[in-house]
Amino acid sequence: MAELTSQSVEGGESPRRRRHWPAELNALIGLVGIALFIEILGWIFVGQSFLLNLARLRIMILQVVVIGIIAVGVTQVIITGGIDLSSGSVVGATAMIAMSFAQAGEIYGEPNTRAVFWELGWVDLPVIVPLAVGLGVGLLAGFINGALIAYTKIPPFIATLGMMVTARGVAKWWTRGEPVSFPTDQFAAIGQGMTPVLIFVAVAALFYLILKFTVYGTHTYAIGSNQDAARMSGINVERHLVLVYSIAGLLSGLAGMVVAARGLTAQAGMGIMYELDAIAMAVIGGVSLAGGRGSIMGATIGMLIFGVIISGFTFLSLDAYYQEMIKGAIIVAAVVLDVWRQKRRAMEG
Amino acid sequence: MSDVILKTEDLTKHYGGVQALEGADFELRDGEHVAIVGDNGAGKSTFVRQITGVEQRTRGRIWFDGEQVEFDGPLDAREAGIETVFQNLALADELDVPSNLFLGREKVKFRLGPFSILDRRAMRQDTEEGLRRTGVKIPKLDNAIRHMSGGQRQCVAIARSASFASRLIIMDEPTAALGVQETAQVEGIIRNLKERRVPLILVSHNLRQVFDLVDRIIVFRRGLLVADLNAAEVDGNEVVKHITGVANQDATATFA
Ligand SMILES: Nc1ncnc2c1ncn2[C@@H]1O[C@H](COP(=O)(O)OP(=O)(O)OP(=O)(O)O)[C@@H](O)[C@H]1O
Ligand SMILES: [Mg+2]
């Protein structure tokens, strides 16, 4: 009797069974398609290969990995059903603050009288100091975001918008708008050569594994999937959100230091609009703004799509204005696609 | 006294001006299956939410397992051994079956705070074992719940409660959205619980089901617990009278 019922339930399922077509696969097909498209255009209009050019690929990847580091954090925030608009400003604030602790005491044999903390009898600090300070600044910004969202129930959009303005203010206030330059060699090394790529790969791999194999990952998806269910299952939703936003802030801080080290200088305006690019990378890679769905793998593919498009435009000598406009259109298209997917799912569900 | 597993006294819940539940005195003995029936808005779900700590009651006292209890949240109730299948399913659609079964109490290979490493194999094995024991058959455990039919999802929710419940299971309209066969499967699970002598509170609108499954029927009307009936001694018409209020006068007489 019991056998019979189970079988009929099982049998009734087969017509409902749908293809499993992960969003990451769509993104991957998109990546390959766009790359091949630019490749063909290249042969027609430029007379050379787009992809078979190591120098170009190297520049391309270096252009996107900094925002990619941010996207790893933002992806987790979006999976919980939230959003983080403060990433770009946190990059600016961290770049300024960390750099001021990383300034060389001597330049060309002369004392660096323009260092921010010159009056304190400045000498080179070990690189761990600016690193810790930078990560600390990012972590603090993320913690405040998370605490506001989790405990005051301010919508993530508003809370992180506040942090976006505040952190930018901090970046400007830190040196009254002056750029900060002359990092120690050790600090500069963070941004040189392919180190930013290595940092991205390490961060992406770490959080890929964490999301897949730890309790943290399950709870992140559960909260984005059904916050009430997560709460009723005994997950401390508030504490978890604080953790997720803190990690996003930490990664923005890391990205800020990489940008500063790479450019050998920090400016208060650094990282403007990075938050949108990071969100776009995630969404293009199949991370759903509705929460509960998406992966670091997808965001990484989204990042590569971004890189291919930007570097493809330069390769095809497309005007920079068009680049901006098309980038904007792609972001909107990705969100429209996500909304459309949600609707279709709701109808099927 | 000794075998009373759950007892409420003067249990009351007001939502602003709405008296959703008023002075409910209730007792459940070990191994007993009790149904709660009543019209829409009678206060059945409200009663369940006060017992399970989902909401904080306005007034009244609750004893569980011989001790007076204060559940600050559903987790407290769960830790005490009460598992609940809520009217709106408490499942995470994007997670697979084992993750849902173990949500909030994951098995881990080694502890690292929130970053503890999941023991997916153990959870999968226990899921298979739990589903087998409760008689639930689900074809693909690794699929996200989203890909499943309403009946299968309901079975997952019930299997989750049935596998973990040590002292008491509460189900709020578990078959309301199910087809005939799926309903039969859920009823199978409930019979299975009866054999295992796990006490049950079943909220249901389906009188046929109630008479088939339970020992005792409690009727709520407009926030009041109006009748406590022995399922073997009454018929459907009498229960309906209590639900609609036609039997208002003799309802008090049937109090046990
Ligand atoms: N959170 C709330 N805020 C205000 N009023 C509420 C709330 N929850 C329930 N109520 C009211 O309390 C009363 C009892 O609701 P309850 O959900 O307990 O009914 P029920 O017996 O479970 O009905 P149903 O059979 O439809 O599930 C209703 O009048 C309802 O409108
Ligand atoms: Mg109800």
- Please verify whether segment B:52-73 includes one or more residues that are of a type outside the set (D, E, K, R), within 11 Å of ligand 1 (Cβ to nearest atom), under 17 Å from B:Leu224 (Cα atoms) and surrounded by fewer than 22 Cβ atoms within 10 Å (Cβ to Cβ). no
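Is it the case that B:Lys7 is within 16 Å of ligand 1 (Cβ to nearest atom), more than 14 Å from chain A (Cβ to nearest Cβ) and assigned to a strand (DSSP E or B)?
no
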- Task: Considering each residue of segment A:225-234, count those that are in contact (Cβ under 8 Å) with a residue 12 or more places away in the chain and within 7 Å of chain B (Cβ to nearest Cβ), and give that number.
- Result: 2
- Which one is surrounded by the fewest Cβ atoms within 10 Å (Cβ to Cβ), of the residues in segment A:293-349 that are among the hydrophobic types (A, V, I, L, M, F, W, C) and within 14 Å of chain B (Cβ to nearest Cβ)? A:Met347
- Which of the residues that make up segment B:16-34 are in contact (Cβ under 8 Å) with a residue 24 or more places away in the chain and within 13 Å of ligand 1 (Cβ to nearest atom)? B:Gln19, B:Ala20, B:Leu21, B:Glu22, B:Ala24
- Query: When you look at B:Arg49, is it under 20 Å from A:Val237 (Cα atoms) and of a type in the set (Lys, Arg), yes or no?
  - Reply: yes
- Evaluate segment B:132-140: report whether one residue or more is closer than 30 Å to B:Glu67 by Cβ, in contact with a helix residue (DSSP H, G or I) (Cβ under 9 Å, 6 or more places away or on another chain), modelled with pLDDT under 90 and not charged (D, E, K, R). yes
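Quick grid of which residues meet (1) surrounded by 16 or more Cβ atoms within 10 Å (Cβ to Cβ); (2) within 18 Å of A:Gly68 (Cβ to Cβ); (3) touching a helix residue (DSSP H, G or I) at 6+ places or on another chain (Cβ under 8 Å):
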position: A:Gly193; (1), (2), (3): no, yes, no
position: A:Leu206; (1), (2), (3): no, yes, no
position: A:Thr214; (1), (2), (3): yes, no, no
position: A:Ala229; (1), (2), (3): yes, no, yes
- Query: Which members of segment B:22-45 meet the condition of being under 12 Å from the mean Cα position of the chain (by Cα) and within 13 Å of ligand 2 (Cβ to nearest atom)?
  - Reply: B:Ile36, B:Lys44, B:Ser45
- Query: In segment A:166-174, is there at least one residue being farther than 14 Å from A:Ser100 by Cβ and of a type in the set (Lys, Arg)?
  - Reply: yes
- Of everything in segment B:95-140 that's among the hydroxyl-bearing types (Ser, Thr, Tyr) and under 25 Å from the mean Cα position of the chain (by Cα), which residue is nearest to A:Ile210 (Cα to Cα)? B:Ser99
- Query: On the given criteria, is B:Arg120 at the interface with chain A (Cβ under 9 Å from one of its Cβ atoms) and either over 18 Å from A:His219 (Cβ atoms) or crowded, with 17+ Cβ neighbours inside 10 Å (or both)?
  - Reply: yes
- Note on the structure: Over segment B:21-59, the set of residues away from chain A (no Cβ under 14 Å), closer than 29 Å to B:Arg196 by Cβ and touching an Asp or Glu at 6+ places or on another chain (Cβ under 6 Å) is B:Asp25, B:Arg29, B:Asp30, B:Glu32, B:His33
- Query: What number goes with the only condition from (1) buried (at least 24 other Cβ atoms within 10 Å of the Cβ); (2) more than 15 Å from A:Ala260 (Cβ to Cβ) that A:Ala171 does not pass?
  - Reply: (2)
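Got a sec? Which of B:Leu178, B:Leu200 is more than 14 Å from every other protein chain (Cβ to nearest Cβ) and either within 30 Å of B:Glu233 (Cα to Cα) or within 16 Å of ligand 1 (Cβ to nearest atom) (or both)? Lay out the reasoning, then the answer.
Details: B:Leu178 fails: more than 14 Å from every other protein chain (Cβ to nearest Cβ).
When all the criteria are applied, what remains is B:Leu200.
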- Which is at the interface with chain A (Cβ under 10 Å from one of its Cβ atoms), away from ligand 2 (no atom under 16 Å from the Cβ), touching a strand residue (DSSP E or B) at 6+ places or on another chain (Cβ under 9 Å) and not charged (D, E, K, R), of B:Phe71, B:Phe64, B:Phe115? B:Phe115
- Query: Do we have A:Ala255 as surrounded by 24 or more Cβ atoms within 10 Å (Cβ to Cβ) and within 7 Å of another protein chain (Cβ to nearest Cβ) here?
  - Reply: no
- In segment B:124-164, what residues are within 12 Å of another protein chain (Cβ to nearest Cβ) and β-branched (Val, Ile, Thr)? B:Thr134, B:Val136, B:Ile138, B:Ile145, B:Val156
- Task: Keeping to segment B:200-232, report how many residues are in contact with a Gly (Cβ under 7 Å, 6 or more places away or on another chain) and either closer than 20 Å to B:Lys7 by Cα or of a type in the set (S, T, N, Q) (or both).
- Result: 4
- Checking B:Val85, B:Val97 in turn, the sole residue that is surrounded by 15 or more Cβ atoms within 10 Å (Cβ to Cβ), within 16 Å of ligand 1 (Cβ to nearest atom) and within 14 Å of another protein chain (Cβ to nearest Cβ) turns out to be B:Val85
- Positions within segment A:203-223 being farther than 24 Å from B:Thr52 by Cβ and more than 7 Å from every other protein chain (Cβ to nearest Cβ), in sequence order: A:Val203, A:Ala204, A:Ala205, A:Leu206, A:Phe207, A:Tyr208, A:Leu209, A:Leu211, A:Lys212, A:Gly217, A:Thr220
- From A:Gly307, A:Gly312, A:Gly292, grab the single residue that is assigned to a loop (DSSP other than H, G, I, E, B) and not acidic (Asp, Glu). A:Gly292
- Query: Quick check: is even one residue across segment B:111-118 assigned to a strand (DSSP E or B) and modelled with pLDDT of 95 or more?
  - Reply: yes
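The values are calculated or read from the model by the stated rules, or taken from the named source; none is laboratory data. Note that the coordinates shown come from a computational prediction; the quantities given were computed from them, not determined experimentally. Cβ coordinates were reconstructed from backbone atoms using ideal geometry, including for glycine residues, and neighbour counts include every protein chain displayed.
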